[in-house]
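Beneath this line is the structure, given in structure tokens, with notes to follow.
The values are calculated or read from the model by the stated rules, or taken from the named source; none is laboratory data. This structure is a prediction, so every number in the text was calculated from the model and none was measured. Virtual Cβ from ideal backbone geometry, glycine too; neighbours counted across all protein chains shown.
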Amino acid sequence: MKKVTVNPKQFHSNGKLLITGEYLVLRGASALALPLKYGQNLRIKPLETSKELLWRTYIDNKLWFEAKFDQELNILYSSLKIVAVQLQKILKATLNFSGVSVQNLSGHEVRTDIDFDINWGFGSSSSLISNIGYWLQINPFQLLFATTNGSGYDIAAARSEQPILYHLENKAPHYQIADFNPPFKENLFFIYLGQKKKSESSVKQFSETEVDKKTVARVTQLSYETIKAANLEDFQEIIDEHNQIISDIIKQPSPKENQFRNFEGKIKPLGAWGGDFVLAATRHGKEYVKDYFGSRGKQTIFSYSELVKS
């Protein structure tokens, strides 16, 4: 009898960076988010004889994680327990969606490929959840809300080819394409600070912080002003005001004040403050940025065009 080959299914979701609205996007502020040229692929193929679920994750084509689940999604084996438990949580949450059963999951081999360093905060979890949503044909926002305390902007960016404006209204996600293609993008750079920041813990700490509606409204306005900024100077002024608002709320100094006082330009944290990437806006070129941050041990630097989909 001739063997039938089943073509594997494959899906892709983007990484992301949050430019404005960090923290306050959870309170309804509109936030500007960018989809990245880096992302995650998910590929599924059926197992011919086994009813188990085999899962492998590769980073830059090197095996980083693998696990095996039985038909009830119990962990039979894992190379990283903490990752396996989080993956199990996500997979079990999918069973609460209409049309999804353990039969949809078991009997498959899944391979995910991440083409960025997972410490960068580009969204390894959100791009995974987006891809699982594609695979099982379920709402990825609902899956994210069922398994994390995030706002969902990262899911929207994961599925967009252009920058987006995102906000929550009555706990529901709303987003639209943002016409953000700054004429000064050659003056914008992204620098990894080398200190991975856990979004979950940052959100938890922020959840008990009181923020008035005027502040939320002002950050929304700044998001729109960011998109409309006609020149680098206007953009830098927006960064300054945005940084001051968030600094006053979370009681932390901005990186410019704390670490990079003599940098000739403006610096803005992206996402949770204190780690991951920052945005640097300067009239100087990439060589100045590389020399300045490189002398301070920050070697991972991208220009805007190297990193952002547009």
**Selected residue (only one of I59, I155 is in contact with a Ser or Thr (Cβ under 6 Å, 6 or more places away or on another chain) and within 27 Å of T300 (Cα to Cα))** = I155
**Complete:** The condition of being under 30 Å from F11 (Cβ atoms), surrounded by fewer than 19 Cβ atoms within 10 Å (Cβ to Cβ) and of a type outside the set (D, E) holds, among A172, A217, A158, only for A172
**Asked** Just wondering, is there one or more residues in region 55-63 that are of a type in the set (A, V, I, L, M), over 30 Å from L188 (Cβ atoms) and assigned by TED's automatic domain parsing to the domain that holds K171?
**Response** yes
**Fill in**
Quick count over region 246-302, residues being surrounded by fewer than 16 Cβ atoms within 10 Å (Cβ to Cβ), among the hydroxyl-bearing types (S, T, Y) and free of Cβ contacts under 8 Å to residues at least 40 places away in the same chain, is 1
**Asked** Do we find a residue being in contact with a strand residue (DSSP E or B) (Cβ under 9 Å, 6 or more places away or on another chain), farther than 21 Å from D60 by Cβ and not in a loop (DSSP other than H, G, I, E, B) anywhere in region 110-125?
**Response** no
**Request:** Kindly indicate whether G123 is within 30 Å of P46 (Cβ to Cβ), touching a residue at least 60 places away in the same chain (Cβ under 8 Å) and surrounded by 23 or more Cβ atoms within 10 Å (Cβ to Cβ).
**Result:** yes
**Complete:** Note on region 221-245: residues touching a residue at least 12 places away in the same chain (Cβ under 8 Å), loosely packed, with under 14 Cβ neighbours inside 10 Å and of a type in the set (S, T, N, Q) are N231
**Fill in**
For region 54-74 the number of residues that are aliphatic (A, V, I, L, M) and under 21 Å from the mean Cα position of the chain (by Cα) is 1
**Prompt:** Which is within 16 Å of V203 (Cβ to Cβ) and among the hydrophobic types (A, V, I, L, M, F, W, C), of L136, L168, L143, L128?
**Reply:** L168
**Item:** Filter pass, E186 being among the acidic types (D, E), under 21 Å from K92 (Cβ atoms) and either over 17 Å from the mean Cα position of the chain (by Cα) or in a strand (DSSP E or B) (or both)
**Value:** no
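Condition check ((1) surrounded by fewer than 17 Cβ atoms within 10 Å (Cβ to Cβ); (2) of a type outside the set (D, E); (3) over 30 Å from A281 (Cα atoms); (4) at pLDDT 95 or above) across all residues:
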{"residue": "Q10", "(1), (2), (3), (4)": "yes, yes, yes, yes"}
{"residue": "K37", "(1), (2), (3), (4)": "yes, yes, no, yes"}
{"residue": "L47", "(1), (2), (3), (4)": "yes, yes, yes, no"}
{"residue": "W55", "(1), (2), (3), (4)": "no, yes, yes, yes"}
{"residue": "A67", "(1), (2), (3), (4)": "no, yes, yes, yes"}
{"residue": "N74", "(1), (2), (3), (4)": "yes, yes, yes, yes"}
{"residue": "I82", "(1), (2), (3), (4)": "yes, yes, yes, yes"}
{"residue": "L87", "(1), (2), (3), (4)": "no, yes, yes, yes"}
{"residue": "K92", "(1), (2), (3), (4)": "yes, yes, yes, yes"}
**Request:** Using the structure shown, decide if S223 is among the small types (G, A, S), outside the structural domain of N119 (by TED's automatic domain parsing) and touching a helix residue (DSSP H, G or I) at 6+ places or on another chain (Cβ under 8 Å).
**Result:** no
**Complete:** Output for Cβ contacts, cut-off 8 Å, separation at least six or different chains, first residue in contact (Cβ under 8 Å) with a residue 12 or more places away in the chain and polar (S, T, N, Q) in region 159-184, second surrounded by fewer than 16 Cβ atoms within 10 Å (Cβ to Cβ) and in a strand (DSSP E or B), reads S160/I177; Q162/I177
**Prompt:** Identify, please: which residue in region 188-214 is at pLDDT 95 or above and buried (at least 19 other Cβ atoms within 10 Å of the Cβ) and is, among those, farthest from R283 (Cα to Cα)?
**Reply:** Y192
